[in-house]
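The values are calculated or read from the model by the stated rules, or taken from the named source; none is laboratory data. It should be emphasised that the depicted structure is a prediction, and the values quoted were computed from it without experimental measurement. Note that we place each Cβ from the backbone using ideal geometry, even for glycine, and neighbour counts take in every protein chain shown. The protein model used for the area step is the full one, side chains on, heavy atoms only, and it has no ligands, DNA or RNA in it. Shrake-Rupley method; radii C 1.70, N 1.55, O 1.52, S 1.80 Å.
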Amino acid sequence: MSHYSALSILRNAFSGHRNWTRAWQDPEPKKHYDVVIVGAGGHGLATAYYLARYQGVKNVAVLEKDYLGGGNSGRNTQVCRSNYFYPQSGAFYEHSLQLFEDLGQELNFNVMFSQRGVLSVCNSMHELEIYRRWANAIRMNGIDSEMLDRGEIRKYAPHINLDCRFPIRGGFIQKRGGMSRHDAVAWGYARQASAAGVDIIQQCEVTGMVTSDSRIESLQTRKGDISGDRFALCVAGHTSQLADMAGLRLPITSIALQGMVTEPVQPIFDTVMMSAQIHTYVSQSDRGELVTGGGADLYNSYAQRGSLDTQQHNFAALVELMPIFSRLRMMRVWAGVCDMAYDVSPIVGKTPVENLYISTGWGTGGYKAIPAGGDCLAYTMANDRPHELLRPFQLDRFSSGRLIDEGAASGVAH
Amino acid sequence: MLRIPCPYCGIRDQDEFRFGGESRARRPENPDQLSDEEWAEYLFYRDNVKGRHEELWVHSYGCRQWFNVTRDTCTHEIVGSRRIGSVNG
Ligand SMILES: Cc1cc2nc3c(=O)[nH]c(=O)nc-3n(C[C@H](O)[C@H](O)[C@H](O)COP(=O)(O)OP(=O)(O)OC[C@H]3O[C@@H](n4cnc5c(N)ncnc54)[C@H](O)[C@@H]3O)c2cc1C
Ligand SMILES: [Zn+2]
């Protein structure tokens, strides 16, 4: 792997950019690995990277049924923030945001992390009261958040229609929040994981498992059987199917969340804005497209597409808030299959199957969690005990009753 | 947009309805004897079927009745619907 730098660009210019080495290797699978990770999305790749780079576990494979980063990690709207309500979530997502702050350096790959602020507006007096409580809770967690009045909101979003159908009463902002480039995060982790010796094997769907005495012996894949000491499922919306192969049932439901972009325009909107009540959020990508989304399609789905009425609700809300966008044409609409836990918080760690670990429940908000999810799951797998930040996010919370009800606490926000 | 056949009103657009989840969950008969794990199983654990799915819908902006739908979670094709308690039809 060659180091990316201004110098390497210059050097490669002399040979017409024909001699760049490939970013990651494309190996044939070995028969056995210490750790086999299923799913080369952000979470699977990051877990492999932190295992190989920081936990001393080098003999690692990541198996991907399609191409790496083609699942939700390449389909999301890239919002990164740590303004969660509960202290457990705050601590975990803040760790992730801090890792994002250095991720470009860490991976020697430009992930285009842009801390342009995440602005949440509220459209009723009641919401304003809840937001005050929320913004204060965030500060109590030691994380930045500031209440804004209408005038201050206009400074961040000059084109906003403050007197829309449900007039804006105020809002709050996490200035350190923002966005980054999703593909770059997947590619950056893949490149460094590969450089650290991880085998990333694409076009290698896992179709079955050989188990004995509540242990997994090996995985059946499109490229033959692969055995391992420890296994991790990082397969987002398909976690229930993969867990089922090991005889494990989970509190997960899969639904489709849609994302959409407009045609590209000149820079016009330099923050991330969301409204939970009228249910939309929007930002502008570095290519000029306005990236927007809203509610999920609220029925079980494994189709990577959703319904037109969900899009219409989102567009109606968006043009009400930002009338200046009303004449833009939508260019693309897509969906990803999201793994929802009942409390809309992740489930990361050990399972009743002795050598199986899961990273799921990321639902509609696990992109921002990729660095911390990978870091903490790698620690958990290497030491066979939950990382401190993951303790609250174990599977047993569903029987102990210690749910982390972020769904109720923070509404739409991704 | 799904077109959902309400067994009472006929085919209507999906946005008249609300989704109610898997229809197989049965309220336990002996709630005071249930362990925490059994409660968790009833409240939170789901089959999350990929393929043909038995599910509940309610016609919120119509007759307000709950009913069963059989729908494919991969293709979204609706195979049929029936009143609660009826075996088929
Ligand atoms: C439209 C949309 C917008 C979103 N917006 C945001 C946002 O703004 N901010 C945010 O934080 N989060 C957001 N999310 C959520 C975020 O995208 C996900 O939580 C996150 O990407 C999950 O990463 P992952 O690695 O767990 O899953 P994925 O990236 O989906 O990776 C799972 C991989 O597993 C593979 N796989 C599945 N089955 C098998 C098998 N049998 N064998 C081998 N491989 C298999 C898949 O092909 C896939 O590549 C959004 C999601 C969507 C859909
Ligand atoms: Zn009806």
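Listed values, structure above:
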read-out	value
Any hit, region B:28-37, residues being touching a residue at least 12 places away in the same chain (Cβ under 8 Å) and away from ligand 1 (no atom under 16 Å from the Cβ)	yes
All positions within region A:78-88 that are open to solvent by 10 Å² or more (accessible area, probe 1.4 Å) and outside any loop (DSSP other than H, G, I, E, B)	A:Pro87, A:Gln88
Those residues of region A:54-77 which are in a loop (DSSP other than H, G, I, E, B), near ligand 1 (Cβ under 6 Å from one of its atoms), open to solvent by 30 Å² or more (accessible area, probe 1.4 Å) and in contact with a strand residue (DSSP E or B) (Cβ under 6 Å, 6 or more places away or on another chain), in sequence order	A:Arg75
Matching entry among B:Asp36, B:Asp47, B:Asp15 (being within 11 Å of chain A (Cβ to nearest Cβ), open to solvent by 50 Å² or more (accessible area, probe 1.4 Å) and modelled with pLDDT under 95)	B:Asp15
Those residues of region A:163-192 which are open to solvent by less than 10 Å² (accessible area, probe 1.4 Å) and over 18 Å from A:Gly74 (Cα atoms), in sequence order	A:Cys164, A:Ile168, A:Gly170, A:Gly171, A:Phe172, A:Ile173, A:Gln174, A:Gly177
Matching residues in region A:1-60 - criterion: being of a type in the set (D, E, K, R) and without any contact (Cβ under 8 Å) to a residue 40 or more places away in the chain	A:Arg11, A:Arg18, A:Arg22
Unmet requirement for A:Leu308, which otherwise passes all of (1) more than 14 Å from chain B (Cβ to nearest Cβ); (2) more than 23 Å from A:Asn161 (Cα to Cα)	(1)
Odd one out for B:Cys9, checked against (1) touching an Asp or Glu at 6+ places or on another chain (Cβ under 9 Å); (2) over 17 Å from A:Ile255 (Cβ atoms); (3) open to solvent by 60 Å² or more (accessible area, probe 1.4 Å)	(3)
Hits in region B:57-89 (condition: of a type in the set (A, V, I, L, M, F, W, C), within 10 Å of chain A (Cβ to nearest Cβ) and touching a strand residue (DSSP E or B) at 6+ places or on another chain (Cβ under 8 Å))	B:Trp57, B:Val69
Odd one out for A:His279, checked against (1) assigned by TED's automatic domain parsing to the domain that holds A:Met330; (2) open to solvent by less than 60 Å² (accessible area, probe 1.4 Å)	(2)
Residue, nearest to A:Gln98 (Cα to Cα), within region A:141-155, restricted to residues that are open to solvent by 60 Å² or more (accessible area, probe 1.4 Å) and in contact (Cβ under 8 Å) with a residue 24 or more places away in the chain	A:Gly142
Residues of region B:19-33 satisfying the condition of being closer than 17 Å to A:Asn300 by Cα and more than 8 Å from every other protein chain (Cβ to nearest Cβ)	B:Gly20, B:Ser23, B:Arg24, B:Ala25
Residue, surrounded by the most Cβ atoms within 10 Å (Cβ to Cβ), within region A:225-261, restricted to residues that are more than 14 Å from chain B (Cβ to nearest Cβ) and in contact with a helix residue (DSSP H, G or I) (Cβ under 7 Å, 6 or more places away or on another chain)	A:Cys234
Qualifying strands (runs of 3 or more DSSP E) (wholly inside region A:288-358; at least 1 residues being touching an Asp or Glu at 6+ places or on another chain (Cβ under 8 Å) and open to solvent by 10 Å² or more (accessible area, probe 1.4 Å))	A:330-341, A:347-350
Tally, over region A:107-135, of residues that are farther than 14 Å from A:Met273 by Cβ and open to solvent by 50 Å² or more (accessible area, probe 1.4 Å)	9
Out of A:Leu389, A:Leu395, sole residue that is in the same structural domain as A:Leu242 (by TED's automatic domain parsing), more than 27 Å from A:His279 (Cα to Cα) and in a loop (DSSP other than H, G, I, E, B)	A:Leu395
Residue tally, condition in contact with an Asp or Glu (Cβ under 8 Å, 6 or more places away or on another chain) and open to solvent by 70 Å² or more (accessible area, probe 1.4 Å), over region A:32-53	0
Identity of the residue in region A:1-25, open to solvent by 80 Å² or more (accessible area, probe 1.4 Å) and in a helix (DSSP H, G or I), that ends up farthest from A:Phe109 (Cα to Cα)	A:Phe14
Set A:Asp384, A:Asp375, A:Asp396, A:Asp339: member being away from ligand 2 (no atom under 16 Å from the Cβ), under 30 Å from A:Gln55 (Cα atoms) and in contact with a strand residue (DSSP E or B) (Cβ under 6 Å, 6 or more places away or on another chain)	A:Asp339
Test for A:Ala408: is it aliphatic (A, V, I, L, M), in a helix (DSSP H, G or I), touching a strand residue (DSSP E or B) at 6+ places or on another chain (Cβ under 9 Å) and more than 16 Å from ligand 1 (Cβ to nearest atom)	no
Top-ranked residue in region B:50-70 [being open to solvent by less than 60 Å² (accessible area, probe 1.4 Å) and touching a His at 6+ places or on another chain (Cβ under 9 Å); ranked as farthest from ligand 1 (Cβ to nearest atom)]	B:Phe67
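Each row is one residue, and each column tells you yes or no for (1) under 22 Å from A:Ser218 (Cβ atoms); (2) among the acidic types (Asp, Glu); (3) at pLDDT 95 or above.
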position	(1), (2), (3)
A:Gln55	no, no, yes
A:Asn59	yes, no, yes
A:Gly71	no, no, yes
A:Thr77	no, no, yes
A:Ser82	no, no, yes
A:Tyr93	no, no, yes
A:Asp102	no, yes, yes
